[in-house]
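**Q** Pasting in a structure now, in structure tokens, and then I'll have a few things to ask.
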Amino acid sequence: MLIPLLIGVHVLGVVLWIGGVSFVTMIVFPMIMRMEGSIEKVIFFQGVEHRFAKIAKLCVIIVGTTGVWLLFITDRWDALFTMHGIGITLMLLVWIFYVLVLLFEGRFFKIIFKGEAQQDTAKIFLRLTVFHWVVMGLSLLAVFVGVIAGHGGIWS
Ligand code: HEM
């Protein structure tokens, strides 16, 4: 009973978090790109990211805790970094990447919105859009491979 329950909570965390990333990538960024003034763009973007970062942090904690808990109960540590455990390996890598981005988010934004950003906001938002598409793609890949591998897929 505990394992399905943990997977359920784990997937709910994933849905909220990756759903949010997808919304920002496919809805918010195109809206920002169409906005007129640079200041308006930066203020709107920081408002959205600041609010979403709180939800993302909570989801990262829930997904990480339930994921490690699942690995612990099912004792599948040795499957990590093998073809057989490709699903959980991808999940772990994507998770570590998000933790790093969220931990250094403040520093990251300070760098991109100072200096060059004041001169060319459009260029910076284009880079941020590409970055979000890559991050969303990797996350969806982790879900896709995770589900296939978790259901006796081609790598098991
Ligand atoms: C610390 C990070 C993580 C760990 C240790 C972890 C581990 C696990 C484990 C052990 C399972 C149970 C199914 C299985 O054994 O294959 C699972 C399920 C799942 N995980 Fe993760 N996970 C982590 C992060 C993530 C992330 C970041 C995503 C999405 C981007 C994700 C998506 C999923 C999905 C969709 C399932 C359900 C698979 C199914 O259909 O059974 N996980 N995870």
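What follows is calculated from the coordinates using simple rules that are stated; it is not laboratory data. Quick caveat: nothing in here was measured; it's all calculated off a predicted structure. Ideal geometry is used to build each Cβ from the backbone, glycine not excepted, and the neighbour counts take in all protein chains shown.
**Q** Using +1 on the beta carbon of Lys and Arg, -1 on that of Asp and Glu, and nothing else charged, what's the dipole of the chain about the Cα centre, debye to 20? Before the final figure, lay out the partial values.
**A** On the way: 11 positive and 8 negative charges, 58 e Å.
Value, rounded to 20: 280 debye.
**Q** Any chance you could check the Cα centroid distance between region 66-115 and region 1-29 for me, in angstrom?
**A** 14
**Q** Check every DSSP H run in the chain and write down those whose alpha carbon atoms cover 30 angstrom or more along the long axis and whose mean Kyte-Doolittle hydropathy is -1.0 or greater. Each step should come with its number before you reach the end.
**A** Numbers: long enough: 2-23 (31 Å, 2.19); 38-74 (51 Å, 1.13); 121-150 (43 Å, 1.77).
Helices meeting the span and hydropathy rule in the chain are 2-23, 38-74, 121-150.
**Q** Is the shape of region 9-51 best called rounded, prolate or oblate, per the rule: a/c under 1.5 gives rounded, else a/b larger than b/c gives prolate, else oblate, with a ≥ b ≥ c the square roots of the Cα gyration tensor eigenvalues?
**A** In terms of gyration-tensor shape, oblate.
**Q** Arrange the peptides 48-55, 86-93, 133-140, 61-68 so that the one whose residues have, on average, the most other Cβ atoms within 10 Å appears first.
**A** 86-93, 61-68, 133-140, 48-55
**Q** Scattering from the C-alpha atoms of the chain alone, worked out with Debye: what is log10 I(q)/I(0) at q = 0.13, 0.16, 0.19 1/Å?
**A** The Debye formula, applied to the Cα set alone, gives -0.66, -0.90, -1.15.
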